[in-house]
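Enquirer: What follows is a structure written as C-alpha coordinates; I'll ask about it next.
The values are calculated or read from the model by the stated rules, or taken from the named source; none is laboratory data. Computed from a predicted structure; not experimentally measured. Note that each Cβ is placed from the backbone with ideal geometry, even for glycine, and that neighbours are counted across all protein chains shown. Quick note on the areas: whole protein, heavy atoms, side chains included, nothing else; ligands and nucleic acids left out. Shrake-Rupley method; radii C 1.70, N 1.55, O 1.52, S 1.80 Å.
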Amino acid sequence: MKKVIVLSVLLLCAAVAKAQDTEKNEIRVGYSDATFIKLGDGFADALSSAIVSGISGVKYKDAQTKTVGMFELGYRYNINERLKVGADISYLKSEDTFKANTANAKSVTRNTNYVMGLVTGEFSYIKTSLLNFYGSGGLGVISASTKENGGSYSNNEVAFAYQINPVGLRVGKKLGAFVELGYGYKGIATAGLNYRF
(Lines give C-alpha, C1' and ligand atoms only; values in the text may rest on other atoms or scores of the structure.)
Protein backbone atom coordinates (compact mmCIF):
# COMPACT_ATOMS: atom_id res chain seq x y z
CA MET A 1 0.00 0.00 0.00
CA LYS A 2 2.86 2.34 0.84
CA LYS A 3 4.37 1.71 -2.60
CA VAL A 4 1.05 2.50 -4.29
CA ILE A 5 0.75 5.82 -2.40
CA VAL A 6 4.35 6.79 -3.22
CA LEU A 7 3.84 5.80 -6.87
CA SER A 8 0.56 7.77 -7.02
CA VAL A 9 2.24 10.87 -5.55
CA LEU A 10 5.11 10.58 -8.06
CA LEU A 11 2.65 10.22 -10.97
CA LEU A 12 0.68 13.22 -9.72
CA CYS A 13 3.87 15.29 -9.42
CA ALA A 14 4.88 14.23 -12.94
CA ALA A 15 1.44 15.20 -14.28
CA VAL A 16 1.63 18.63 -12.58
CA ALA A 17 5.16 19.18 -13.91
CA LYS A 18 4.01 18.17 -17.40
CA ALA A 19 1.05 20.58 -17.18
CA GLN A 20 3.42 23.40 -16.22
CA ASP A 21 5.68 22.58 -19.19
CA THR A 22 2.93 23.16 -21.74
CA GLU A 23 3.43 25.95 -24.23
CA LYS A 24 7.17 26.24 -23.62
CA ASN A 25 7.82 25.83 -27.35
CA GLU A 26 6.92 28.24 -30.14
CA ILE A 27 7.31 28.10 -33.90
CA ARG A 28 6.93 31.14 -36.12
CA VAL A 29 6.80 32.17 -39.75
CA GLY A 30 7.34 35.74 -40.81
CA TYR A 31 8.11 38.28 -43.46
CA SER A 32 10.39 41.32 -43.24
CA ASP A 33 11.28 44.21 -45.52
CA ALA A 34 15.09 43.54 -45.59
CA THR A 35 15.80 47.27 -45.88
CA PHE A 36 19.43 46.90 -44.73
CA ILE A 37 20.23 44.39 -47.51
CA LYS A 38 18.35 46.38 -50.17
CA LEU A 39 20.24 49.59 -49.31
CA GLY A 40 23.54 47.72 -49.35
CA ASP A 41 22.67 46.16 -52.71
CA GLY A 42 21.82 49.58 -54.14
CA PHE A 43 25.23 50.94 -53.20
CA ALA A 44 27.00 47.80 -54.47
CA ASP A 45 25.05 47.90 -57.74
CA ALA A 46 26.04 51.52 -58.39
CA LEU A 47 29.70 50.68 -57.68
CA SER A 48 29.73 47.52 -59.82
CA SER A 49 27.93 49.31 -62.67
CA ALA A 50 30.67 51.97 -62.63
CA ILE A 51 33.43 49.33 -62.61
CA VAL A 52 31.84 47.28 -65.43
CA SER A 53 31.34 50.44 -67.49
CA GLY A 54 34.99 51.41 -66.94
CA ILE A 55 36.33 47.99 -67.97
CA SER A 56 34.03 47.24 -70.92
CA GLY A 57 33.48 50.78 -72.17
CA VAL A 58 29.73 50.10 -72.25
CA LYS A 59 27.71 52.53 -70.18
CA TYR A 60 25.10 50.85 -67.96
CA LYS A 61 22.10 52.51 -66.39
CA ASP A 62 21.44 52.07 -62.69
CA ALA A 63 20.39 48.53 -61.85
CA GLN A 64 16.74 47.62 -61.54
CA THR A 65 16.27 45.40 -58.49
CA LYS A 66 13.43 42.94 -57.99
CA THR A 67 12.84 41.40 -54.59
CA VAL A 68 9.77 40.55 -52.53
CA GLY A 69 11.38 40.71 -49.09
CA MET A 70 12.79 38.24 -46.60
CA PHE A 71 10.92 35.15 -45.41
CA GLU A 72 11.76 33.54 -42.07
CA LEU A 73 11.11 30.43 -40.04
CA GLY A 74 11.90 30.46 -36.32
CA TYR A 75 11.74 28.58 -33.05
CA ARG A 76 11.58 29.88 -29.46
CA TYR A 77 11.85 28.10 -26.12
CA ASN A 78 10.51 29.70 -22.92
CA ILE A 79 13.19 29.61 -20.24
CA ASN A 80 10.87 31.36 -17.80
CA GLU A 81 7.87 33.69 -17.83
CA ARG A 82 9.79 36.59 -19.44
CA LEU A 83 12.80 35.10 -21.25
CA LYS A 84 12.90 33.08 -24.49
CA VAL A 85 15.79 31.80 -26.59
CA GLY A 86 15.72 30.35 -30.07
CA ALA A 87 16.88 30.56 -33.65
CA ASP A 88 15.69 32.01 -36.95
CA ILE A 89 16.47 31.00 -40.53
CA SER A 90 15.69 33.61 -43.20
CA TYR A 91 15.76 33.62 -47.00
CA LEU A 92 15.78 36.43 -49.58
CA LYS A 93 16.14 36.31 -53.37
CA SER A 94 17.19 39.43 -55.27
CA GLU A 95 17.43 39.97 -59.03
CA ASP A 96 19.44 42.91 -60.39
CA THR A 97 19.28 43.85 -64.07
CA PHE A 98 21.87 46.24 -65.54
CA LYS A 99 20.59 47.75 -68.82
CA ALA A 100 23.07 49.06 -71.35
CA ASN A 101 22.70 52.55 -72.85
CA THR A 102 23.99 51.37 -76.25
CA ALA A 103 21.71 49.49 -78.65
CA ASN A 104 24.02 46.55 -79.46
CA ALA A 105 25.11 45.70 -75.88
CA LYS A 106 22.96 43.23 -73.97
CA SER A 107 21.70 43.72 -70.44
CA VAL A 108 23.16 41.74 -67.56
CA THR A 109 21.05 40.02 -64.87
CA ARG A 110 22.45 38.83 -61.54
CA ASN A 111 20.54 36.66 -59.07
CA THR A 112 21.55 36.68 -55.42
CA ASN A 113 20.27 34.21 -52.82
CA TYR A 114 20.66 35.23 -49.19
CA VAL A 115 20.38 32.69 -46.37
CA MET A 116 20.69 33.96 -42.80
CA GLY A 117 20.79 32.13 -39.47
CA LEU A 118 20.43 33.97 -36.16
CA VAL A 119 20.55 32.82 -32.54
CA THR A 120 17.88 34.94 -30.87
CA GLY A 121 16.93 36.07 -27.38
CA GLU A 122 13.61 37.64 -26.43
CA PHE A 123 12.58 39.49 -23.26
CA SER A 124 8.94 40.31 -22.38
CA TYR A 125 8.35 43.77 -20.90
CA ILE A 126 4.61 43.29 -20.36
CA LYS A 127 2.90 39.92 -20.68
CA THR A 128 -0.76 38.93 -20.31
CA SER A 129 -2.68 35.90 -21.54
CA LEU A 130 -3.49 37.64 -24.86
CA LEU A 131 -0.78 40.30 -25.27
CA ASN A 132 2.99 40.14 -25.11
CA PHE A 133 5.01 43.37 -25.47
CA TYR A 134 8.68 42.40 -25.90
CA GLY A 135 12.09 43.18 -27.33
CA SER A 136 14.46 40.80 -29.09
CA GLY A 137 17.94 40.58 -30.54
CA GLY A 138 19.87 38.09 -32.61
CA LEU A 139 23.41 37.37 -33.80
CA GLY A 140 24.53 35.02 -36.53
CA VAL A 141 25.77 34.75 -40.11
CA ILE A 142 24.45 35.56 -43.57
CA SER A 143 25.48 33.83 -46.78
CA ALA A 144 25.10 35.52 -50.18
CA SER A 145 25.46 33.52 -53.39
CA THR A 146 25.45 35.55 -56.63
CA LYS A 147 25.34 34.22 -60.20
CA GLU A 148 25.10 36.07 -63.49
CA ASN A 149 22.66 34.77 -66.09
CA GLY A 150 24.46 34.07 -69.35
CA GLY A 151 27.76 35.22 -67.90
CA SER A 152 30.74 33.92 -66.02
CA TYR A 153 30.42 36.06 -62.88
CA SER A 154 29.68 34.26 -59.62
CA ASN A 155 30.41 35.15 -56.03
CA ASN A 156 29.84 33.55 -52.61
CA GLU A 157 30.22 35.47 -49.37
CA VAL A 158 29.60 34.81 -45.69
CA ALA A 159 29.38 37.67 -43.21
CA PHE A 160 28.35 38.53 -39.65
CA ALA A 161 24.62 39.34 -39.27
CA TYR A 162 22.49 40.84 -36.52
CA GLN A 163 18.99 42.07 -35.76
CA ILE A 164 17.84 44.26 -32.86
CA ASN A 165 14.09 44.72 -32.31
CA PRO A 166 13.41 46.88 -29.24
CA VAL A 167 9.67 46.88 -30.03
CA GLY A 168 7.66 43.70 -30.51
CA LEU A 169 3.98 42.89 -30.00
CA ARG A 170 2.30 39.48 -30.07
CA VAL A 171 -1.48 39.07 -29.91
CA GLY A 172 -3.14 35.70 -29.28
CA LYS A 173 -3.03 32.64 -27.06
CA LYS A 174 -1.84 29.45 -28.75
CA LEU A 175 -2.01 30.83 -32.28
CA GLY A 176 -0.95 34.46 -32.51
CA ALA A 177 0.20 37.24 -34.79
CA PHE A 178 3.26 39.38 -34.16
CA VAL A 179 4.88 42.55 -35.42
CA GLU A 180 8.42 43.74 -34.63
CA LEU A 181 10.22 47.02 -35.30
CA GLY A 182 13.98 47.39 -35.23
CA TYR A 183 17.21 47.51 -37.18
CA GLY A 184 19.43 44.90 -38.80
CA TYR A 185 19.61 42.48 -41.68
CA LYS A 186 15.92 41.57 -41.51
CA GLY A 187 15.05 45.23 -41.91
CA ILE A 188 12.90 47.73 -40.07
CA ALA A 189 9.60 45.82 -39.84
CA THR A 190 8.86 42.11 -39.42
CA ALA A 191 5.40 40.54 -39.18
CA GLY A 192 4.04 37.01 -39.05
CA LEU A 193 2.26 34.21 -37.21
CA ASN A 194 3.42 31.96 -34.39
CA TYR A 195 2.08 28.94 -32.57
CA ARG A 196 2.76 27.85 -28.97
CA PHE A 197 2.77 24.22 -27.93
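Enquirer: Can you give the local net charge around Thr190? Use residues other than it whose beta-carbon is closer than 13 angstrom to its beta-carbon, Lys and Arg +1, Asp and Glu -1. Please report the intermediate quantities before stating the final value.
Expert: Numbers: positive: Arg28, Arg170, Lys186; negative: Asp33, Glu72, Asp88, Glu122, Glu180.
Taking every Cβ under 13 Å from that of Thr190, the sum is -2.
Enquirer: For a quick check: with amide H placed at 1.01 Å from N, whose amide H comes under 5 Å from Ala34's, ignoring anything fewer than 5 positions away on the same chain?
Expert: Hits under the 5 Å cutoff: Met70, Gly187, Ile188, Ala189.
Enquirer: Okay, next question. Hey, got a sec? Which GluC sites (Glu not before Pro) in the stretch 77-164 land in a DSSP loop and have at most 10 other Cβ atoms within 10 Å?
Expert: Glu81
Enquirer: At R0 = 25 Å, how high is the FRET efficiency between Tyr91 and Lys173 if r is their beta carbon distance? Nearest 0.05 is fine. Intermediate results must be reported in sequence, preceding the final value.
Expert: On the way: r = 29 Å, r/R0 = 1.15.
That pair, Tyr91 with Lys173, gives E of 0.30.
Enquirer: Something else about it: Percent of accessible area on the stretch 150-197 owned by carbon and sulfur, 1.4 Å probe? Intermediate results must be reported in sequence, preceding the final value.
Expert: Working: 1870 of 2670 Å².
Roughly 70 percent of what the probe reaches on the stretch 150-197 is carbon or sulfur.
Enquirer: How much length is gained if the chain between Phe197 and Tyr125 is pulled fully straight, taking 0.36 nm per residue apart and subtracting their Cα-Cα distance, in nm to one decimal? Walk me through the numbers on the way to the answer.
Expert: Details: separation 72, 0.36 × 72 = 25.92 nm, distance 2.15 nm.
Roughly 23.8 nm would be gained on extension.
Enquirer: Now for a different question. Using 1/(1 + (r/R0)^6) with R0 = 25 angstrom and r between the beta carbons of Phe160 and Ile79, what's the FRET efficiency to the nearest 0.05?
Expert: Details: r = 25 Å, r/R0 = 1.01.
After rounding, the FRET efficiency stands at 0.50.
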